[in-house]
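Written below as structure tokens is the structure these notes are about.
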Amino acid sequence: MDITVHRPGELTAADRAAWSALQRARPPAEAPQLHNPFLAPEFTLAMGACRRDVRIAVVREDGVPAAFFPHQRTPAGVGRAVGLGVSDCQGLVHGPGFTGDAVELLRGAGLVLWEFDHLAADQPVFADGAGARFGSPVMDVADGWESYLAGLRERSPKFTRTTLAKERRLDRDLGPLRYVHDERDPELLRVLMAWKSAQYRRTGRGDRFAKPWITRLVEHLFHTGPGEVRGLLSVLYAGERPVAAHFGLRSAAVLACWFPAYDPAYAKYSPGLVLHLAMARGAAEDGMTLLDLGRGRKEYKDSLKTRELTVTEGWVTRRHPVAFGHRMRRAPVRALRNTVQGRPELFRPADALLKRMGQFRTGG
């Protein structure tokens, strides 16, 4: 393999086009994760505009780009998936039949280790490093909105009846509902981020929007010009007031669900669930085939999903003391978190404790 490493801004237009072509080499029905916008060059370029540690290793065979390996790196050579902690699909973008060696790839990229937490399933180069496996629920709208809704009624009849009843009640009590699939008003993006920050604090979680680079990333993707891969802000209005909103990342085929939030003053109407149904309809009408809800077991995801894709967590390493030390620090934290999240008898009290802490932080 001939491997060169570039900063995002150093990629040529031809390289970016080749990257996108590799994503389209297999149809969405065959390789849905390959079409995820988190694997698109636009996301890595946006990350590069917000962080200085983003790099792209380009693998060439006979002078032609065969694979693209986006990553973040430390000066010591510890690599992370681009957007680790906020990106819901990670990996090497390559065409059918590509074979490579993970250690050779790391060496060529100047890394001693590469860590991931949402590795796409079809990643043979990193198969040996994949550890824990997780379901990533998706809403399949390839056959259209009506087909999805019919399936939802069959899979989750009580959930569907309740949500549609709340939608009617919201329309009746607060004014006619209006859904904007692609809202371009930046003030609404600021409203969404304020709602989401309050939700993080209220539930005892770390506020992602307290990190300036995440706020810059979302704003950068929102202002990205028209194209297949870009940020998408969707808003549900009741009368003239916004009651729920979502900011995600879209490609031609996949809407990656990212930051949903709602005005807690209207929580009894479950506006977030009403919004997700509107998003499914909007995505289907926009020609998308899949809404990726992201890794994590939550009741609303279990109700909305049609099936699950698989993502894995782990790392690939070279024999190096820095790699050994990083794993020794990170492995216990990961193991504890996954144990708590994977066992309801542990997760429920931990979640309740976080919410009590959130109430204390917010003066509740």
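Quickly run through segment 297-318 and pick out the residues that are closer than 25 Å to Lys166 by Cβ, touching a residue at least 24 places away in the same chain (Cβ under 8 Å) and open to solvent by 10 Å² or more (accessible area, probe 1.4 Å).
Arg297, Tyr300, Lys301, Asp302, Ser303, Lys305, Thr306
Considering only residues of segment 19-56 that are in contact with a Pro (Cβ under 8 Å, 6 or more places away or on another chain), of a type in the set (Gly, Ala, Ser) and farther than 18 Å from Met288 by Cα, which is least open to solvent (accessible area, probe 1.4 Å)?
Top of the filtered list is Gly48.
As an exercise: evaluate Glu104 against (1) surrounded by fewer than 18 Cβ atoms within 10 Å (Cβ to Cβ); (2) modelled with pLDDT under 95 and give the number of the one condition it does not meet.
Of everything listed in (1) surrounded by fewer than 18 Cβ atoms within 10 Å (Cβ to Cβ); (2) modelled with pLDDT under 95, Glu104 misses just condition (2).
Which of (1) of a type in the set (Val, Ile, Thr); (2) open to solvent by less than 40 Å² (accessible area, probe 1.4 Å); (3) under 28 Å from Tyr262 (Cα atoms) is the odd one out, the single condition Val78 does not satisfy?
(3)
Among all residue pairs at least 6 apart or on different chains, which show Cβ distances below 9 Å where the first residue, located in segment 140-165, is assigned to a loop (DSSP other than H, G, I, E, B) and the second is open to solvent by 60 Å² or more (accessible area, probe 1.4 Å) and at pLDDT below 95?
Close Cβ pairs (under 9 Å, with a partner that is open to solvent by 60 Å² or more (accessible area, probe 1.4 Å) and at pLDDT below 95) amount to Ala142/Ala29.
Taking only segment 209-221 into account, find how many residues are more than 16 Å from Arg52 (Cα to Cα) and either touching a Phe, Trp or Tyr at 6+ places or on another chain (Cβ under 7 Å) or of a type in the set (Val, Ile, Thr) (or both). Lay out the reasoning, then the answer.
Of segment 209-221, the ones more than 16 Å from Arg52 (Cα to Cα) are 209-210, 218-219, 221.
Next cut, either touching a Phe, Trp or Tyr at 6+ places or on another chain (Cβ under 7 Å) or of a type in the set (Val, Ile, Thr) (or both) only: 218.
Counting residues in segment 209-221 that are more than 16 Å from Arg52 (Cα to Cα) and either touching a Phe, Trp or Tyr at 6+ places or on another chain (Cβ under 7 Å) or of a type in the set (Val, Ile, Thr) (or both) gives 1.
It is to be established whether one or more residues within segment 13-29 are in a helix (DSSP H, G or I), polar (S, T, N, Q) and closer than 27 Å to Leu309 by Cα.
Restricting attention to segment 13-29, the residues satisfying the condition of being in a helix (DSSP H, G or I) are 13-23.
Narrowing the set further to residues that are polar (S, T, N, Q) leaves 20, 23.
Keeping just the survivors that are closer than 27 Å to Leu309 by Cα gives 20, 23.
There is at least one residue in segment 13-29 that is in a helix (DSSP H, G or I), polar (S, T, N, Q) and closer than 27 Å to Leu309 by Cα.
Tell me, yes or no, whether segment 203-211 has at least one residue that is over 18 Å from Gly85 (Cβ atoms), open to solvent by 30 Å² or more (accessible area, probe 1.4 Å) and touching a residue at least 24 places away in the same chain (Cβ under 8 Å). Explain how you work it out, then say what you get.
The first filter runs over segment 203-211 and keeps only residues over 18 Å from Gly85 (Cβ atoms), leaving none.
No, that holds for no residue.
Filter segment 254-276 for residues that are touching a Ser or Thr at 6+ places or on another chain (Cβ under 7 Å) and open to solvent by 10 Å² or more (accessible area, probe 1.4 Å) and give the result.
Listed by number, the residues that qualify are Ser270, Leu273.
What pairs can you find where one residue is in segment 188-199 and without any contact (Cβ under 8 Å) to a residue 12 or more places away in the chain, the other is buried (at least 16 other Cβ atoms within 10 Å of the Cβ) and not in a helix (DSSP H, G or I), and their Cβ atoms are less than 9 Å apart, with a gap of 6+ or different chains?
So the pair list comes out as Ala194/Ala261.
Give the residue, chosen from Glu10, Glu61, that is among the acidic types (Asp, Glu), out of contact with any His (no Cβ under 8 Å at 6 or more places or on another chain), in contact (Cβ under 8 Å) with a residue 60 or more places away in the chain and more than 25 Å from Leu232 (Cβ to Cβ).
That would be Glu61, the only listed residue that is among the acidic types (Asp, Glu), out of contact with any His (no Cβ under 8 Å at 6 or more places or on another chain), in contact (Cβ under 8 Å) with a residue 60 or more places away in the chain and more than 25 Å from Leu232 (Cβ to Cβ).
Mind telling me which of the residues Arg241, Arg201 ends up being farther than 30 Å from Ala25 by Cα, at pLDDT below 95 and not hydroxyl-bearing (Ser, Thr, Tyr)?
Criteria check complete, one pass: Arg201.
Could you list all residues from segment 159-181 that are in contact with a Gly (Cβ under 8 Å, 6 or more places away or on another chain) and closer than 22 Å to Gly248 by Cα?
To start, the set of residues in segment 159-181 that are in contact with a Gly (Cβ under 8 Å, 6 or more places away or on another chain) comprises 174-176, 179, 181.
Result: Tyr179, His181.
The values are calculated or read from the model by the stated rules, or taken from the named source; none is laboratory data. Bear in mind that the values here come from a model prediction, so they are computed numbers and not experimental data. All Cβ positions, glycine included, derive from the backbone under ideal geometry; neighbour counts span all protein chains shown. Quick note on the areas: whole protein, heavy atoms, side chains included, nothing else; ligands and nucleic acids left out. Shrake-Rupley method; radii C 1.70, N 1.55, O 1.52, S 1.80 Å.
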